[in-house]
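K.L.:
Sharing a structure, written as structure tokens. Questions coming.
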Amino acid sequence: MKKLLLVGAILIMTAAANAGVISSTVIKAWTGEVNDSIELTLTIEQRENESISIIADVTEGYGDIIAMYIDFNELPSDLDASMFVVEIFDNNQNQGWSVLENPVITIDENNVSGSRAYNMNGGIAPFDVGIITGDEGIGEGSTDVDPAKVTINLPSLAFDNIDRIGIRLQSASLEIDREGSCKVVIEPVENTPVPEPALLTLLGAGLLATALFGKRKKSK
């Protein structure tokens, strides 16, 4: 029975490690032309000794996520643009998730603020990295990106290495016909990973089987 309990505990710990959801935060601290009823959810997933993924999603209102910025407490010396994978969800074309080919990645310690509509100007300190995730607006030929995901394939990178994340939105408002823009800066907060419900069910089934086995053995 102890062995089976141990196996169940290992399954739970493995589930938490694989799920890897470390930070999930709803943000309402906006700057720009949009009122604070728009909400953004930021999730950071860490795959141990593999990668870190940052997912930004507008969960209330509308917004075209056109750029993401990252500031590290110390910029990794071996970080380069080839380590980034950018995935976007195109709402206009109903194409779902797709990998963005040849994304624009800028790495320049404490000196990245973007350009054109993709900037993080306005009293916001520069970042170490800038990633373009979309284009301006929802017009014909534009990409309405919500959510957007940036994965950094650098095994030595950890959640604690990230100080700030900046998100720039265009065509943002509470209504689908929108013209506003806004930007937000998030300081991620670590949360304890929650095991997947299916694996909790699996553990419960294992414990039940153990109890029945013990009862059967006792009756013999």
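The values are calculated or read from the model by the stated rules, or taken from the named source; none is laboratory data. Quick caveat, the model's predicted, so the values are computed rather than measured. Neighbour counts run over all protein chains shown; Cβ positions are idealised from the backbone, glycine included.
K.L.:
Can you spot a residue in region 146-158 that is closer than 17 Å to residue 69 by Cβ, at pLDDT below 90, of a type outside the set (D, E, K, R) and assigned to a loop (DSSP other than H, G, I, E, B)?
P.N.:
No, every residue in region 146-158 fails to be closer than 17 Å to residue 69 by Cβ, at pLDDT below 90, of a type outside the set (D, E, K, R) and assigned to a loop (DSSP other than H, G, I, E, B).
K.L.:
For region 98-123, which residues satisfy the criterion of being of a type outside the set (A, V, I, L, M, F, W, C), touching a residue at least 24 places away in the same chain (Cβ under 8 Å), in a loop (DSSP other than H, G, I, E, B) and under 14 Å from residue 135 (Cα atoms)?
P.N.:
Matches in region 98-123: 103, 114, 119.
K.L.:
Oh, and also: Filter region 46-69 for residues that are within 11 Å of the chain's Cα centre (by Cα) and at pLDDT below 90; which is farthest from residue 154 (Cα to Cα)?
P.N.:
Step by step, filter region 46-69, then rank; the result is 57.
K.L.:
Assuming residue 102 fulfils every condition listed in (1) within 30 Å of residue 47 (Cα to Cα); (2) modelled with pLDDT under 80; (3) loosely packed, with under 12 Cβ neighbours inside 10 Å apart from one, which condition is it?
P.N.:
Against the list (1) within 30 Å of residue 47 (Cα to Cα); (2) modelled with pLDDT under 80; (3) loosely packed, with under 12 Cβ neighbours inside 10 Å, residue 102 comes up short only on (2).
K.L.:
Report whether or not residue 81 is at pLDDT 85 or above, buried (at least 16 other Cβ atoms within 10 Å of the Cβ) and among the small types (Gly, Ala, Ser).
P.N.:
Judged against the criteria, residue 81 is not a match.
K.L.:
Given the criterion part of a helix (DSSP H, G or I) and either modelled with pLDDT of 70 or more or not β-branched (Val, Ile, Thr) (or both), identify the matching residue among 208, 169.
P.N.:
After applying the criteria, what remains is 208.
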